[in-house]
Amino acid sequence: ESPSVSLRRWRDTIDFNITSSLWISSQFAKATSHISLVRVINISSLCASEPFPTMSLYCAGKAARDIFHAVLAKEQISQSHEEKEGTTTTTSNPTQFKVLNYAPGACNTAMTDVLAESTDLGNELQQYFSTSRDKHQLVRPDDTAAKLVGLLMKDEFKSGTHVDYWDV
C-alpha cells in the first residue's frame, strides 16, 4: 500500500473487507444453528497465502478471512460433537455445518480491469493483469462459479480448507 494512504482509509478498507465478512459469517452461523445442513463460502484468493508487493492490505484481509473461517469451521465441529473418552457422539441437534474458503482464480471482472490499468500496483503485477486480460487468460466468472457449484454438490471438501480454482 502507498505510504500516503490515510489511517482512515485503512480502517474503512479493513471494516469493509474483514470486519463485515467476519461479522456476517458469525451471525449466519448463530442464526442457522438449528438447521441440519449449512454451507458457508468465503470468497478467498491466492493473496490469502502469497504476499504480493503493493497489495499488503488486500492480502492481509484475505488471510484474515481465511483463518477466521477455518476457526469457524473448527468451532462448529466442536459445538456439534461432544468428545468422550476418545469417541465422538453427536448432540441432540446435529448440524452438518461446513465452511469453504474458495479462491476463484484471477477472474475477468471489473476489478481486474482496474488492476490492469493501475499505476498504484507493482509493475510486475500490473503487467500480469494487463497481459492476462489482453490475451483472454483470465478465468471467466461462469467457469469458476460452475467449479464452486461442483465442489458444493460433491461435498467432499474438508470443512475450513482453502480450495483454489486451479486445484479442482
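The values are calculated or read from the model by the stated rules, or taken from the named source; none is laboratory data. Computed from a prediction, not measured in an experiment: that's the story for all the values here. Backbone-built Cβ (ideal geometry, glycine too); neighbour counts: all protein chains shown. In case anyone asks, the SASA skips ligands and DNA or RNA and just uses the protein heavy atoms, side chains included. Shrake-Rupley method; radii C 1.70, N 1.55, O 1.52, S 1.80 Å.
Hey, does the range 122-131 have a residue that's farther than 17 Å from Thr54 by Cα, among the polar types (S, T, N, Q) and part of a loop (DSSP other than H, G, I, E, B)?
no
Determine whether the range 64-80 contains at least one residue that is farther than 27 Å from Lys147 by Cα, over 12 Å from the mean Cα position of the chain (by Cα), open to solvent by 60 Å² or more (accessible area, probe 1.4 Å) and at pLDDT below 95.
Yes; the residues of the range 64-80 include at least one that is farther than 27 Å from Lys147 by Cα, over 12 Å from the mean Cα position of the chain (by Cα), open to solvent by 60 Å² or more (accessible area, probe 1.4 Å) and at pLDDT below 95.
Name the residue that is surrounded by the most Cβ atoms within 10 Å (Cβ to Cβ), counting only residues in the range 123-168 that are of a type in the set (Val, Ile, Thr) and closer than 25 Å to Glu75 by Cα.
Val163
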